[in-house]
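The structure under discussion appears below in the form of structure tokens.
Readers should treat all values here as calculations from the given coordinates under stated rules, not as data from a laboratory. For clarity, every value in this text was computed on a predicted model and none was experimentally measured. In this analysis, Cβ positions are derived from the backbone assuming ideal geometry, glycine residues included, and neighbour counts consider all displayed protein chains.
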Amino acid sequence: MNNSKRFTLAETDYLNVIHIMQKLHPCRTRSDLKNCFKQDILPFFEADDAIYGSHDINLIKGLSLSVNAMDAVRVPGDQMPLVNKMGQYFISFPQTFSRTHRKVIAHDVDIPRERLQKEIQNFFKDHPQYSPLNIYPIQRGYESSLGTHDSGDKVTTGILRYAPNHKLWTRREIRLMELLLPALNGAIKRVAIQEQVKTHQALIVALETMDTPMALVQEDGRVPYRNAAFSHLVPVKSGGVLPQPLMGLVEQQKYRMKPDRRPDSASLRLAFYQHNGSTHRLDLTELNANGNGRDPAWLLRLDAADDPHTGLHRTLQTAELTPREVEVAILAGDGLEDADIAQRLFISAATLKNHFRRIYKKLGVHSRTQLVANLRSSWNPIAGG
């Protein structure tokens, strides 16, 4: 475990994160994304490989329901189905994600790397027909990972280190990935969607089959298409302009996604749209709807705000916590001690104490125990602590 006492990240770290964000922003194809990993992300994290795609986790039991690796940097394509099967045995990461509200965890800091070797052994015990020499990550000496998971989008990334790269993961690398994660997840979603729908018409056909409210939105707010679920929720005709309250939220999200802004906090404010008593979380993905790079458009999705992660963030945002205070509250709710929270966020003990003082006041609690109870009580605040 890294016991660094540094209270700030180096300026070069922030500059490198911004540089990678700018490299991710124009990614539109699988090749674009893979090159960005090879040339920028893996060298930055001193890692050897990356696997990314979708990962559905049962948040109650901490089990992997499905793993769908979209691509990998160095794993041969014909081994991806086997990698997906093997992923079901790497249970320590989904278990940790399920019992916390963290989006980035790593071996050495959150999970002993020895558990990975036990999980690998369990796979080969149940599948004696496979040899470690014939599975690329194992053949290369897979030793440890840094992993990400977004419970809303179910986007996941694993950054892998192979022998002889015995370097331990640190809180610094976790923090840097947290800052980079919104841009990385946006690029992965964009490439996955763009790959499936090469044209505007193909996108319309795909949206028609979706039960989730979704719409294609142009730069000026016009809606050339929305599916039936979106029509029932948002009063806008095809070709019309989004209602001003919703358009304002879209513009705010677009601004927050700009790749040249220094990410001082890993907790981006979620945008919520309320209509007729229902609350939905906005999810915005930039696309080139016609595949020519000249017609930017946005895929707007309105997810029901009923999952634990969204509910917690909504509670904290409603209490007007700042993004950094949200991070502190979430880590406290996960049961981390003050020293660990300060080290993960690269802030001093005095700064952390000031954050807690403001959090207590905003949430109407008076102690750490009341705060944790507040955050864990079905994600509903306890009035007065």
Reduced Cα scattering model of the chain, Debye log10 I(q)/I(0), q = 0.06, 0.07 Å⁻¹: -0.24, -0.33
Where only alpha carbons of the range 288-370 are counted, the Rg and the Dmax (Å): 17.9, 56
Inter-part distance where the range 132-148 and the range 230-282 are each reduced to a Cα centre, Å: 40 Å
³J(HN,Hα) computed for each position of the range 106-122 - Karplus, 6.51 cos²θ - 1.76 cosθ + 1.60, integer Hz, glycine/proline x: 8, 4, 6, 9, 9, 9, x, 5, 4, 5, 4, 5, 5, 5, 5, 4, 4
Vicinal HN-Hα couplings computed from phi for the range 84-100 (Karplus, 6.51 cos²θ - 1.76 cosθ + 1.60; Hz; Gly/Pro x): 4, 5, 5, x, 5, 8, 8, 7, 5, 5, x, 5, 5, 4, 6, 9, 9
Translational diffusion coefficient (Stokes-Einstein; Kirkwood radius from C-alpha pairs) of the range 197-306 at 37 °C, 0.692 mPa s, in µm²/s: 226 µm²/s
Two-decimal Rg to Rh for the range 11-193 - Kirkwood Rh, Cα set: 0.93
Reduced Cα scattering model of the range 136-178, Debye log10 I(q)/I(0), q = 0.20, 0.21, 0.25 Å⁻¹: -0.71, -0.76, -0.91
Dipole-positive endmost among Ala163, Ala229, Gly147 within the range 117-261 (Cβ charges, Cα centre): Ala163
Residue-by-residue Karplus 3J(HN,Hα) for the range 342-349, coefficients 6.51, -1.76, 1.60, Hz, glycine and proline x: 4, 5, 5, 9, 6, 10, 7, 4
GNM result for the chain, Cα springs below 10 Å: residue of Leu42, Leu15, Leu312 fluctuating most strongly: Leu15
